[in-house]
Amino acid sequence: MFFRAVWSLVLRKRGLGMRGIHSPGDTAHSKGKMTPYTNYHAQRTYPMPDEPFCTELNAEQQALKEKEKGSWTQLSHAEKVALYRLQFHETFAEMNRRSNEWKTVVGCVFFFCGFTALLIWWQRVYVFPEKPITLTDEWKAQQLQRILDMKGNPVQGLASQWDYEKKEWKK
C-alpha cells in the first residue's frame, strides 16, 4: 500500500502515466446538479442508470451537448470527460476504490470496548460489595488447619497427606 502511494507520486512528478484525473466537481457539473429525490442510481452491478446524472444543464453544458451531436473527433479529451460526467457520476475505477470505512468501524469497536472496561471497573469499585472475609488468605489457612485438626477424611482426603508428627505435608 505504501509502495503504491510512493509510486503514484513518482509518476505524477515525472508526468509518466499521467491520465486525466477528474473529480466529480469538474466542469461538467452545475451547483444544483441533483435534486434530493432523483431516480439516478449507478453501481457496479447496475452501471447504466435510467436517467443522466445531471438533468439541469447550464449554458456551457448545453453548448457542449450540442457539440456532442457532431463529430467526436473534434472534441477534446476534457470535453469528452465533461460529457461523461454529465451522464455518469463515477467511473468504474472510482466505484471500485477502497473506502476508509474500516477505520471508523475499528475506532467504534475500540471505543465501545474501552467504555465497557470503564463501566466494569466502575462497578467493581462502587457497585459490587467487598469480598467476604472467607476469601482472605488468613481465613483459608485457618480453615485448612481446622480440617487437619479434626482429621477429616483420613483415608484419602487432606488428612491422609498430612504428617501429624512432623506437622508438615507428606512427600
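Only the coordinates and a few stated rules stand behind these numbers; no lab work does. What you are looking at is a predicted structure, and each value in this text was computed from that prediction instead of being measured. Here the Cβ positions follow ideal geometry from the backbone for every residue, glycine too, while neighbour counts run over all protein chains shown.
A few comments on the model shown:
- Sum of side-chain charges, Asp163 neighbourhood, beta-carbon under 13 Å (Lys, Arg +1; Asp, Glu -1): +3
- Long-range amide H partners of Trp162 with built H, under 5 Å: Lys170
- Residue-count net charge about Ser71 - beta-carbon cut-off 14 Å; Lys, Arg +1, Asp, Glu -1: 0
- Proximal charge balance of Ser99 [Cβ under 14 Å; K/R count +1, D/E count -1]: +1
- 17 Å Cα-Cα reach of Lys171 towards aspartates and glutamates, excluding residues that sit fewer than 8 places from it in its own chain: Asp163
- Dipole in debye (nearest 20) - region 89-171, about Cα centre, beta carbon charges: Lys, Arg +1; Asp, Glu -1: 280 debye
- When the listed pairs Lys131/Lys166; Lys131/Lys170; Lys140/Lys167 are checked against a 26 Å cut-off, the alpha-carbon distance exceeds it for Lys131/Lys166; Lys131/Lys170.
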